[in-house]
Structures are given as C-alpha cells and as structure tokens.
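Remarks on the structure that follows.
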Amino acid sequence: MVVSGPARISAPVGSFYRMSVEVFRHGFRRPFQLREFLQQSWMIVSVSVVPTLLVAIPFCVIVVFQLNQLLTELGAADLAGAGAGLAVVREIGPMVSVLVVAGAGATAICADLGARKIRDEIAAMSVMGLNPVQRLVVPRVLASTVVALALNGLVTFVGLAGSFLFSVLVQNASAGLFLANLTLLTGIDDLLVSELKAAVFGLLSGLVACHLGLNAKGGPKGVGDAVNQTVVFSFILLFAANSLITAVFLQARG
C-alpha cells in the first residue's frame, strides 16, 4: 500500500506526541531511575559545558559591542549596562545554552538510544517487562531539562561578566554606570522567563532526541541519520518555542 505524503508526515508527529504524553505520565511514577538520571546529567554536562562557554563569551561580546556602538552614536553610552543585561538575560542566555545542549547533549542521547535500538536492546527490555520510556526516556528528558536550566544560569553570569570587562576595558565605558544600569531594563521576571525558556528548550530537545533514537532503523546509517535529524528538528522547535514564549511574555507584560 502506498502511503500518501500527509500520512508520512503525520505518522511521526503523532508518534512523537504519544511518546511525549507517555513521558509525562511515567515521569510521576515509581520507581524513578535516579542513577540513570545522574549519569545522563553528567554526560550532558561533560559534553556541553566547555562548548557553551566557548560560544557564550564571543557571542555575548559581539552582541554587546554592536549594541554599545549603537548607544554611543545615539549619545546614550551610559546605558551600556542596561543593554547588556537585556540582551544576555532575555535572549542570549537561554538560546546559547540550549543550542549547545541540543547540538551536543541531545545528539549523544539520540546516538545512545539509536545504538540500543538497532542492537534490539529496546525490544529485549520490553520482552522482560520493563518499560523503555520509564527506564530510559524519562531520566534523559529530565536530565536535559535540568542541565539546560543550570547552563542558562552559567551563561548569564559569564555573559554579563564578559560584557562588563569588554565594555569597560575595550570600549572605555564607565564601570559604575554599567553596574548601576544593569537592572534598568531587566528584573527578576526577565530572569524567571529566561529560566522558563531554558527549561522548555531542554525538555523539547530531550524529547526529540529520545523519539528519534527509539525510532532509528537501518543500522548504523540510520542512527547517523537520526542524529542529524535531532539537530535540525531541535533547532526548529527551539526557535518556534522562543518566539512563542517571548511574544506571550511581552504581551502579558504590556
């Protein structure tokens, strides 16, 4: 039987939503795989921390440099700290941290589950009466979410520190005014929304990685294709979620 184009598209989407619902359903059931969660968290941290810092520092510096140039031309160079706080806390922090989590951590999760799938370990687990979602997926999705939250805080701190040093030492901004205006345009609500974004981004990237890993087929080539798809689909969902959350936050804020 020939499957039409819409059916080929809707089937994976429906499978993804079914797995997501099952993840949330089993996430509150015992026993919780604490050891698996800690191992996966450490794995994601080990492959994500250094790339996150290496991306965050130059990215924040470039954005703040361009912003300070614009403020200088407008005669508002004293607002460098306010611009840096707004850019780093609201957008750069969650985006940089979770792009690395999706590009490094999620691909590692997908490769691991895909290798288990083609070796029939997932099928063997089901035969033994173990639920693969509860045993493997839930700890990985939760680990991706928690690590994304932690990395967002780290990127925010490092980004603000790097922006301060660059603005003061390179662009001769006033250190006192930079610090005084840092919270002029941003507050605790912006930080909370930033953490919410990071959590949602980490959750989505973990779900995508686990779904594609569990559905990998075709041997090692199929696992490689699933890893590549993880990066693409994760980035698409992250940018869509970022736009939605930002729009809702700004609308609610008035």
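The values are calculated or read from the model by the stated rules, or taken from the named source; none is laboratory data. Treat the numbers as computed from the prediction; the structure is a model and nothing was measured. For neighbour counting, all protein chains shown are included, and Cβ atoms are generated from backbone atoms with ideal geometry for every residue, glycine included. All accessible areas refer to the heavy atoms of the entire protein, side chains included, with ligands and DNA or RNA removed. Shrake-Rupley method; radii C 1.70, N 1.55, O 1.52, S 1.80 Å.
Taken over region 76-107, residues that are crowded, with 21+ Cβ neighbours inside 10 Å and over 30 Å from S174 (Cα atoms) amount to 8.
For every residue, the table says whether it meets (1) out of contact with any helix residue (DSSP H, G or I) (no Cβ under 9 Å at 6 or more places or on another chain); (2) at pLDDT below 85; (3) assigned to a helix (DSSP H, G or I).
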| position | (1), (2), (3) |
| --- | --- |
| V98 | no, yes, yes |
| C110 | no, no, yes |
| G114 | no, no, yes |
| K117 | no, no, yes |
| S126 | no, yes, yes |
| V137 | no, no, yes |
| L149 | no, no, yes |
| L154 | no, no, yes |
| Q171 | no, yes, no |
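For region 162-174, taking the residues that are open to solvent by less than 40 Å² (accessible area, probe 1.4 Å) and among the small types (G, A, S), the one that is farthest from L204 (Cα to Cα) is identified as A173.
Here R119 fulfils each of the conditions (1) open to solvent by 50 Å² or more (accessible area, probe 1.4 Å); (2) of a type in the set (D, E, K, R); (3) under 23 Å from the mean Cα position of the chain (by Cα) apart from (3).
The residues listed here are F239, F201, F249; of these, the one that is part of a helix (DSSP H, G or I) and within 18 Å of V147 (Cα to Cα) is F201.
When only residues in region 146-161 that are among the β-branched types (V, I, T) and surrounded by fewer than 22 Cβ atoms within 10 Å (Cβ to Cβ) count, which is farthest from A123 (Cα to Cα)? The selected residue is V158. Can S41 be described as among the small types (G, A, S), surrounded by 24 or more Cβ atoms within 10 Å (Cβ to Cβ), in contact with a helix residue (DSSP H, G or I) (Cβ under 6 Å, 6 or more places away or on another chain) and part of a helix (DSSP H, G or I)? In short, no. In region 156-184, the residues that are over 16 Å from A87 (Cβ atoms) reach residues that are among the charged types (D, E, K, R) and modelled with pLDDT under 85 with C-beta atoms within less than 7 angstrom, at least six apart or across chains, in these pairs: S174/D78; L177/D78. Checked against the criteria, L237 does not count as at pLDDT 90 or above and touching a Ser or Thr at 6+ places or on another chain (Cβ under 8 Å).
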